[in-house]
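The values are calculated or read from the model by the stated rules, or taken from the named source; none is laboratory data. Not measured: the values here are computed from a predicted model. Cβ placement follows ideal geometry from the backbone for every residue including glycine, while neighbour counts extend to all protein chains displayed. Only protein heavy atoms, including side chains, enter the accessible area calculation; ligands, DNA and RNA are left aside. Shrake-Rupley method; radii C 1.70, N 1.55, O 1.52, S 1.80 Å.
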Amino acid sequence: HPIWKPYPSISKELTNTLNLMEKSINLKNKSVEQAVLEMIHSGGKLLRPAYQLLFSQFGPEQDRKKAMALAASIEMLHTATLIHDDIVDDADLRRGLPTVRSSFGNDVAVYAGDYLLVCCFKLLADYSGSLKSLQLNSRSMEKILSGELGQMDSRYKLDGTVEQYLENISGKTAELFGLSCFIGAYESGMNQRFAKKCGDIGLNIGIAFQIIDDILDYTQDSQEIGKPVLEDVRQGIYSLPLLYALQENTAALLPYLEKRENMTDEDTQKVFTLVHELHGVEKAQALASDYTSKALTAIDKLPENEQQTKNILSTITKKILNRTN
Ligand code: 2DE
Ligand code: MG
Ligand code: MG
Ligand code: MG
Ligand code: MG
């Protein structure tokens, strides 16, 4: 992916990580195998493995083969959650391409996600030096699921709070960023205290990342972000910009939102306009900036090293959190 081009050594390790993922995929069932392979090669930014590889540069144990295997494991977990997410969200487009569920159907999509979860744990069990990483990984999966379920349980709720929203995205999205950063540092031989700081940086990056993702639903069109926009609203997922707008003026939004899944395109357009007018986007951008600043301040306090990891982390984090797609 072009964002890694300025960093040849990470770029090379990410290519090797992808190759390792590809090599570990072997199924008799060619539909599921092809679905998994297509998804892996669909041009994702590889953010989680990249953060994991970068944080693994801090420790004394520089086993790069292990670092790349663990990075592959994280990306496989991430890919599994996306395939399953697109089933739950009825999404037809991801990264500008048809989703697994729309190309291959729900059955293949469920199995493709299942298989990637299996691969994730196989790699982790084979390469991680400690039970700790396996424990953390399973706990993270539990938190990802809790975030998703929290979101599902808040569907169509007009009195959802920012706190609940933050709790849900901390699980469904930020947890995986936190895990990547923690495991990167920890498996390179850093102590838990340091790894925990790295994990917290990942959590803040992940929260900002999801807030921005939710803002893009209100500022970009589907072509620009390569996935459906405003579907969330129709499905009752009221993300931060809409939550802020609801706090400002529930009555203005109610006539549209109360139609629930029967909202027309005009209704969602009207909600879109109101969210902007009621400063929902602006306020969400401000909260994303707070989390970005927290992450950048903590990155700034990381130790210096030969690879200048700290500078790379800072540059790419700024880039990612200023993204428009
Ligand atoms: C993406 O959220 C969230 C991903 C987490 C999905 C987790 C699932 C539980 P979005 P976009 C489905 C499965 C859990 C496991 C396997 C541990 O807001 O806009 O839907 O990219 O993101 O579709
Ligand atoms: Mg989705
Ligand atoms: Mg979803
Ligand atoms: Mg989204
Ligand atoms: Mg969504």
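For the range 220-242, taking the residues that are at pLDDT 90 or above and of a type in the set (S, T, N, Q), the one that is farthest from Leu93 (Cα to Cα) is identified as Ser239. Among the residues of the range 224-242, is any in a helix (DSSP H, G or I), without any contact (Cβ under 8 Å) to a residue 40 or more places away in the chain, buried (at least 19 other Cβ atoms within 10 Å of the Cβ) and away from ligand 1 (no atom under 16 Å from the Cβ)? The answer is no, given that none of the residues of the range 224-242 is in a helix (DSSP H, G or I), without any contact (Cβ under 8 Å) to a residue 40 or more places away in the chain, buried (at least 19 other Cβ atoms within 10 Å of the Cβ) and away from ligand 1 (no atom under 16 Å from the Cβ). Name the residue that is surrounded by the most Cβ atoms within 10 Å (Cβ to Cβ), counting only residues in the range 308-325 that are modelled with pLDDT under 95 and not in a helix (DSSP H, G or I). The qualifying residue surrounded by the most Cβ atoms within 10 Å (Cβ to Cβ) is Leu321.
Do we find that Tyr156 is at positive phi and within 16 Å of ligand 5 (Cβ to nearest atom) in this structure?
Against the criterion (at positive phi and within 16 Å of ligand 5 (Cβ to nearest atom)), Tyr156 qualifies.
In the range 8-124, counting only helices (runs of 4 or more DSSP H) that sit wholly within it, the ones holding 3 or more residues that are surrounded by 17 or more Cβ atoms within 10 Å (Cβ to Cβ) and touching a Ser or Thr at 6+ places or on another chain (Cβ under 8 Å) span 30-40, 47-55, 64-88.
Across the range 143-157, not a single residue is classified as surrounded by 17 or more Cβ atoms within 10 Å (Cβ to Cβ), of a type in the set (A, V, I, L, M, F, W, C), touching a residue at least 12 places away in the same chain (Cβ under 8 Å) and more than 16 Å from ligand 4 (Cβ to nearest atom).
When each of Leu240, Leu246, Leu254 is tested for being within 16 Å of ligand 5 (Cβ to nearest atom), touching a Leu at 6+ places or on another chain (Cβ under 8 Å) and within 15 Å of Lys157 (Cβ to Cβ), the lone residue that passes is Leu240.
Go through the residues of the range 128-138 one by one and say whether even a single one is hydroxyl-bearing (Ser, Thr, Tyr), open to solvent by less than 70 Å² (accessible area, probe 1.4 Å), more than 16 Å from ligand 5 (Cβ to nearest atom) and in contact with a Lys or Arg (Cβ under 9 Å, 6 or more places away or on another chain). Taking every residue of the range 128-138 in turn, at least one turns out to be hydroxyl-bearing (Ser, Thr, Tyr), open to solvent by less than 70 Å² (accessible area, probe 1.4 Å), more than 16 Å from ligand 5 (Cβ to nearest atom) and in contact with a Lys or Arg (Cβ under 9 Å, 6 or more places away or on another chain).
With respect to the stated conditions, Ile207 is more than 13 Å from ligand 5 (Cβ to nearest atom) and either in a loop (DSSP other than H, G, I, E, B) or surrounded by 18 or more Cβ atoms within 10 Å (Cβ to Cβ) (or both). Here Glu266 meets the list (1) away from ligand 1 (no atom under 16 Å from the Cβ); (2) under 23 Å from Thr173 (Cβ atoms) almost entirely, failing just condition (2). Among the numbered conditions (1) part of a helix (DSSP H, G or I); (2) in contact (Cβ under 8 Å) with a residue 60 or more places away in the chain; (3) within 16 Å of ligand 1 (Cβ to nearest atom); (4) not aromatic (Phe, Trp, Tyr), the only one that Cys198 does not meet is (3).
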